[in-house]
1. Among the candidates MET108, MET99, single out the residue that is modelled with pLDDT of 95 or more and open to solvent by 40 Å² or more (accessible area, probe 1.4 Å).
2. Given the conditions (1) surrounded by 14 or more Cβ atoms within 10 Å (Cβ to Cβ); (2) in contact (Cβ under 8 Å) with a residue 60 or more places away in the chain; (3) not in a helix (DSSP H, G or I), report the number of the one that ASP92 does not fulfil.
3. Restricting attention to region 26-63, which residues are closer than 23 Å to VAL102 by Cβ, open to solvent by 60 Å² or more (accessible area, probe 1.4 Å) and either part of a helix (DSSP H, G or I) or of a type outside the set (A, V, I, L, M) (or both)?
4. Filtering region 64-86 down to residues that are at pLDDT 90 or above, open to solvent by 60 Å² or more (accessible area, probe 1.4 Å) and of a type outside the set (A, V, I, L, M), which residue is farthest from GLU41 (Cα to Cα)?
5. Do we find that TYR107 is in a loop (DSSP other than H, G, I, E, B) and either touching a helix residue (DSSP H, G or I) at 6+ places or on another chain (Cβ under 8 Å) or not charged (D, E, K, R) (or both) in this structure?
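The values are calculated or read from the model by the stated rules, or taken from the named source; none is laboratory data. Bear in mind that the values here come from a model prediction, so they are computed numbers and not experimental data. Virtual Cβ from ideal backbone geometry, glycine too; neighbours counted across all protein chains shown. These area figures cover heavy atoms from the full protein model, side chains too; ligands, DNA and RNA do not enter into them. Shrake-Rupley method; radii C 1.70, N 1.55, O 1.52, S 1.80 Å.
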Amino acid sequence: MSEAINIAIEKAEKPKRIKFTFYQKMFFLYFLNITDWICTEALLASGYFAEANPVMQPVLNNFWQTIIIKGVIPFAVILLSCLVNKWANAGDSIIINIMLYVGISIYMLVNLWHIFNLSLIHISEPTRQAEI
């Protein structure tokens, strides 16, 4: 009986880690890419910001090119990466995890920067009241 209690205590003491799969990380990276695009469009529409990425500067004026570069190509690369990962039976590689977490961290920081700038625009613009 005491052995069962000891096992139960050991299991209860271990903190549960949330474990994300390779595929969840890849699609979260894609989600962050899309939110980056949406936030960038919102900041550009405000008129206070300009696109800093020289590759995207000429593309943002063309809707279909933007869809292809920010939506279709990354989605295709993610799908291809998922297929290669499955075919290669790569499992849970430390190097791949580090690369994914670095990419996710960078995109999260970029998105937080966008949110910060969007909040500054909202705060700095005077409240417009409807004329009666």
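1. Values: MET99 fails: modelled with pLDDT of 95 or more.
Matching residue, one of MET108, MET99: MET108.
2. ASP92 satisfies all of (1) surrounded by 14 or more Cβ atoms within 10 Å (Cβ to Cβ); (2) in contact (Cβ under 8 Å) with a residue 60 or more places away in the chain; (3) not in a helix (DSSP H, G or I) except (1).
3. Of the residues in region 26-63, the ones closer than 23 Å to VAL102 by Cβ are 26-40, 52-56.
Then drop every residue that is not open to solvent by 60 Å² or more (accessible area, probe 1.4 Å), which leaves 27-28, 31, 38, 52-55.
Residues satisfying the conditions are PHE27, PHE28, PHE31, ILE38, ASN53, PRO54.
4. Looking at the filtered set, the residue picked out is PHE75.
5. No.
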